[in-house]
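Following: one structure in structure tokens, then a few remarks.
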Amino acid sequence: FTDNSAGATVRTNRVNIKTALNAKRRADRLKEPVRNRLLAEMPDAVSHFVLEDNRLQTLALSIAETGGVGDLPAYVRLIETFESDGRLDRAVEGIAPNDELFRRASEGRGLTRPELAVLLSTAKLAAQDGVEEAPLATDPSMDSELLAAFPAAMVAKHKSAILAHRLRKEIIATKLANRMVNRLGMLHPFELAEEEGCSLGDVAAAFAIAERIYDLPSLWAAIDSADMAESTRLMLFNQAAVETRAQMADIIRNAAEGRDVGGATAIYAPVLKKLSDSLDSLLPADVRHQTESFGLRLIENGAPRKIAERLVQMAQLDGAIGLAALSSTQKADVTALTQAFTALGDALGIGWAQGTAMQMDPHDPWERLLVAGLARDFQAMRLDFLRRRGAKKPVEDAQAWIAENAARVRVFKAMVDRAKLAGMPTPAMLAQIAGQARVLLGR
């Protein structure tokens, strides 16, 4: 799969290009000599596509390999998922039985690169099928994804033929699934689908939206080109994937039926820009401390300051998607909603709990799902509170609720403070806090 991928990619590009041009030839809108001259202009562009595709695929394997023995239980869960879906035959693909994999884990060894390559190809095919089956593949706002799959010379002269391509769905699905798995790894997309009870098509749509509103291509390019140790580079790609997954979960939870990628981007992007510009005045002290400490750890491990700051900002904007969606449906000021959201988090201490869940990295696949869900729940319960109350002055309303329930809030906050003093909070602690918070905010 990996050794032959360059040849396969060349053939795929050739078929895609010739299919579009042949359609124009059959309609007598493109003469043979003109077609041949155009094809002669494009080898360098196609070579760039192929080499970059293979570079990113190899990089994805290196990033996956850094998970080592710690990620092995999660990969076993993924292997079982592929088996149950009929996508993977261990005997054919050379993947060992579970008992052998767990014995390997006890010896401190994870999956090998050839094993990861098999899973990478299977993950991409599964994700591709998910996109093809979803409305995303025919979404007009994905035209740019389709055009980006062709050389600039062809786009300039034959844009209409590309947009009418009979393999449109397949090309978009292939390109998007390939990039999503390369950039997020194999575990995040499939765990997110399981965590949120959604399809891989929904996950891919959330990825496409997150790419646009957070300008992720420029972040990846910065990590790619910065002068740093390769181990630091892989760590930063991993961390970017973690932060992107959190934003994607919010996008999925706040999805509106019938809204395409372009429509969602148009709603979220300006609100996130507004919140980004006001972060200094909106962040509560404990969240600021957590995220800035996170940034310092990145820098201490060799990350360039500007890249660390971008990742910190993504962490600080955790919850912004939900606030943007709420402000859109309630026609309310997002700054006031955010102030009420942070006031609740500060008074109860659940802003700290959400940040703590985000920083956990358990190896057990069920615990991974648990802490990821808890991180979203600490956010969702506050959004649900604001949605239910629908106050015209959400800050004043939240403060009034805190005052009316002062005794219960005090008892709850004391429990959170005890968890803080524990030094190493556990998923069980956070689950208990989440359960109590849900009861309290439901009053």
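Number of residues in the stretch 234-262 that are in a loop (DSSP other than H, G, I, E, B) and at negative phi equals 6. Among residues of the stretch 185-219 being open to solvent by 10 Å² or more (accessible area, probe 1.4 Å), assigned to a helix (DSSP H, G or I) and hydrophobic (A, V, I, L, M, F, W, C), the one that is nearest to GLN239 (Cα to Cα) is LEU187.
Close contacts from the stretch 401-428, counting a first residue that is in a helix (DSSP H, G or I) and a second that is among the charged types (D, E, K, R), with Cβ to Cβ under 7 Å and a gap of 6+ residues or different chains, come to PRO427/GLU367. In the set ALA152, ALA126, only one residue is over 19 Å from ARG14 (Cβ atoms) and aliphatic (A, V, I, L, M); that residue is ALA126. Figure legend. Inter-residue proximity from the stretch 293-304: first residues on the phi > 0 side of the Ramachandran plot, second residues β-branched (Val, Ile, Thr) and surrounded by 14 or more Cβ atoms within 10 Å (Cβ to Cβ), beta-carbon distance below 9 Å, spacing 6+ or different chains. Indicated pairs: GLY302/THR232.
Is there a residue in the stretch 362-381 that is farther than 30 Å from ASN238 by Cβ and in contact (Cβ under 8 Å) with a residue 24 or more places away in the chain? Scanning the stretch 362-381, I find no residue that is farther than 30 Å from ASN238 by Cβ and in contact (Cβ under 8 Å) with a residue 24 or more places away in the chain, so the answer is no.
For the stretch 108-158, filtered to residues that are hydroxyl-bearing (Ser, Thr, Tyr) and within 18 Å of GLU211 (Cα to Cα), the residue that is most open to solvent (accessible area, probe 1.4 Å) is SER144.
Can you tell me which residues in the stretch 385-395 are closer than 12 Å to LEU344 by Cα and surrounded by fewer than 18 Cβ atoms within 10 Å (Cβ to Cβ)? Result: no residue meets the conditions.
The combined condition, being acidic (Asp, Glu) and free of Cβ contacts under 8 Å to residues at least 12 places away in the same chain, is not fulfilled by ASP260.
Return the residue satisfying two criteria in turn: it lies in the stretch 159-170 and is assigned to a helix (DSSP H, G or I) and open to solvent by 10 Å² or more (accessible area, probe 1.4 Å), and of such residues it is nearest to ALA45 (Cα to Cα). Residue satisfying both the conditions and the ranking: LYS159. Name the single residue, out of those in the stretch 72-99 being hydroxyl-bearing (Ser, Thr, Tyr) and touching a residue at least 60 places away in the same chain (Cβ under 8 Å), that is most open to solvent (accessible area, probe 1.4 Å). Looking at residues that are hydroxyl-bearing (Ser, Thr, Tyr) and touching a residue at least 60 places away in the same chain (Cβ under 8 Å), I get THR81. Being surrounded by 11 or more Cβ atoms within 10 Å (Cβ to Cβ), among the charged types (D, E, K, R) and assigned to a loop (DSSP other than H, G, I, E, B) is the filter here; which residues of the stretch 1-36 pass it? Residues satisfying the conditions are ARG29, LYS31. Would it be correct to say that ARG104 is open to solvent by 10 Å² or more (accessible area, probe 1.4 Å), among the basic types (Lys, Arg), closer than 27 Å to HIS48 by Cβ and in contact (Cβ under 8 Å) with a residue 12 or more places away in the chain? Spelling it out, it is not the case that ARG104 is open to solvent by 10 Å² or more (accessible area, probe 1.4 Å), among the basic types (Lys, Arg), closer than 27 Å to HIS48 by Cβ and in contact (Cβ under 8 Å) with a residue 12 or more places away in the chain.
Answer yes or no: is there a residue in the stretch 128-139 that is among the hydroxyl-bearing types (Ser, Thr, Tyr) and more than 30 Å from PRO362 (Cα to Cα). Yes; the residues of the stretch 128-139 include at least one that is among the hydroxyl-bearing types (Ser, Thr, Tyr) and more than 30 Å from PRO362 (Cα to Cα). The residues of the stretch 220-233 that are assigned to a helix (DSSP H, G or I) and open to solvent by less than 30 Å² (accessible area, probe 1.4 Å), listed by number, are TRP220, ILE223, THR232, ARG233. Note on the stretch 197-212: residues that are free of Cβ contacts under 8 Å to residues at least 60 places away in the same chain and on the phi < 0 side of the Ramachandran plot total 7. Name the residue that is farthest from GLN339 (Cα to Cα), counting only residues in the stretch 234-251 that are in contact with a helix residue (DSSP H, G or I) (Cβ under 7 Å, 6 or more places away or on another chain) and open to solvent by 30 Å² or more (accessible area, probe 1.4 Å). Across the stretch 234-251, the extreme among qualifying residues is ASN238.
The values are calculated or read from the model by the stated rules, or taken from the named source; none is laboratory data. Since the model is a prediction, treat every value here as computed from it, not as a measurement. Glycine gets a Cβ as well: all are built from the backbone with ideal geometry, and neighbour counts include every protein chain shown. Heavy atoms of the whole protein, side chains included, go into the accessibility calculation; ligands, DNA and RNA do not. Shrake-Rupley method; radii C 1.70, N 1.55, O 1.52, S 1.80 Å.
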